[in-house]
Amino acid sequence: MLLFGASGEATFDNIHATLVIDGNPYRLVDSIADLASHVTANPSCNFALANNIDATALGTLTASPVTTILTGNFDGLGHTVSNLTIKSPHAQIGLFKQVGSGTTGSLSNLTLKNADIRGTNDSADVGALVGYADNPNGAIWGIRVGGNVAGQNSAEVGGIVGLDYGPISSSSSSAAVTGKSDAYVGGIMGGGDN
């Protein structure tokens with residue numbers, strides 16, 4: 001396991017380089033579109049972010065960029081995704097729609113800066129990083145979030161994850177997190193059991 005401090009990162013100029021963490025191979029990605037495409041093609045693979053990403057050019061997305069359930073691992077290598085904006089009517093909303101499927105999947109070492117993530121329908125799971133984390137044997141660690149995260153009535157809204165069923169460690173959020181009537185709202189997670 002790698003853990004980066006607030007200003008630590010590992011950057012790769014060549015995304016075709018070989019990266020092995022704890023004996024496991026990782027595929028390097030250099031954009032949100034690249035990440036989404038590779039997770040769709042092989043959701044059980046391990047992925048690592050090769051550089052910082054400014055998501056401004058994506059505009060306001062109407063769904064999570066990574067819609068396939070990640071059952072492998074994602075390591076941000078200490079990098080930052082800035083200016084990610086999502087305004088979505090879907091049930092799970094975040095950079096990742098869902099991580100884990102009962103036993104696997106982890107997200108680590110990433111900063112989300114100036115995120116603006118908004119669920120527009122009731123009962124959604126809304127988080128800047130991931131809407132729904134179903135990973136009791138996986139983990140979320142080394143995550144930092146700043147910006148705004150908002151949900152509607154009866155939503156589960158968290159700065160990092162909306163609904164979580166796994167451990168979260170060495171992570172923080174300074175995001176403004178809001179929800180409407182009967183919403184579960186938390187700085188790190190909206191609801192769950194970990």
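Couple of notes before you dig in:
- Residues of the range 1-24 that turn out to be more than 16 Å from Gly78 (Cα to Cα) and either at pLDDT 95 or above or of a type in the set (S, T, N, Q) (or both), as a count: 3
- Only one of Leu95, Leu84, Leu61 that is in contact with a helix residue (DSSP H, G or I) (Cβ under 6 Å, 6 or more places away or on another chain), within 15 Å of Ala128 (Cα to Cα) and aliphatic (A, V, I, L, M): Leu84
- Taken over the range 99-139, the criterion of being more than 13 Å from Ile86 (Cβ to Cβ) and under 11 Å from the mean Cα position of the chain (by Cα) is satisfied by Val99, Ser106, Leu107, Ser108, Asn109, Leu110, Thr111, Tyr132, Ala133.
- Applying the criterion of being of a type in the set (Gly, Ala, Ser) and assigned to a strand (DSSP E or B) to the residues of the range 101-133, the residue that is nearest to Ser171 (Cα to Cα) is Ser108.
- Test: Asn148 is modelled with pLDDT of 95 or more and surrounded by fewer than 24 Cβ atoms within 10 Å (Cβ to Cβ): yes
- If you filter the range 153-165 down to residues that are among the hydrophobic types (A, V, I, L, M, F, W, C) and part of a strand (DSSP E or B), you find that the one that is nearest to the chain's Cα centre (by Cα) is Val161.
- Search result, residues across the range 134-146 that are out of contact with any Lys or Arg (no Cβ under 7 Å at 6 or more places or on another chain) and outside any loop (DSSP other than H, G, I, E, B): Ala139, Ile140, Trp141, Gly142, Ile143, Arg144, Val145
- Wholly within the range 1-96, strands (runs of 3 or more DSSP E) carrying at least 2 residues that are out of contact with any Leu (no Cβ under 7 Å at 6 or more places or on another chain) and crowded, with 18+ Cβ neighbours inside 10 Å: 73-82
- Near pairs, Cβ below 6 angstrom, 6+ apart or cross-chain, from the range 1-21 (more than 16 Å from Val81 (Cβ to Cβ)) to any residue that is open to solvent by 40 Å² or more (accessible area, probe 1.4 Å) and modelled with pLDDT under 85: none
- Scope the range 166-194; condition surrounded by 18 or more Cβ atoms within 10 Å (Cβ to Cβ), part of a loop (DSSP other than H, G, I, E, B) and touching an Asp or Glu at 6+ places or on another chain (Cβ under 9 Å); matching residues: Gly166, Gly179, Ala183, Ile188
The values are calculated or read from the model by the stated rules, or taken from the named source; none is laboratory data. Predicted model only: the values in this text are computed from it and were never measured. Methodologically, a virtual Cβ is constructed for each residue, glycine included, from the backbone with ideal geometry; neighbour enumeration extends over all protein chains shown. Each accessible area value is taken on the protein alone, full model and side chains, heavy atoms only, with ligands, DNA and RNA left out. Shrake-Rupley method; radii C 1.70, N 1.55, O 1.52, S 1.80 Å.
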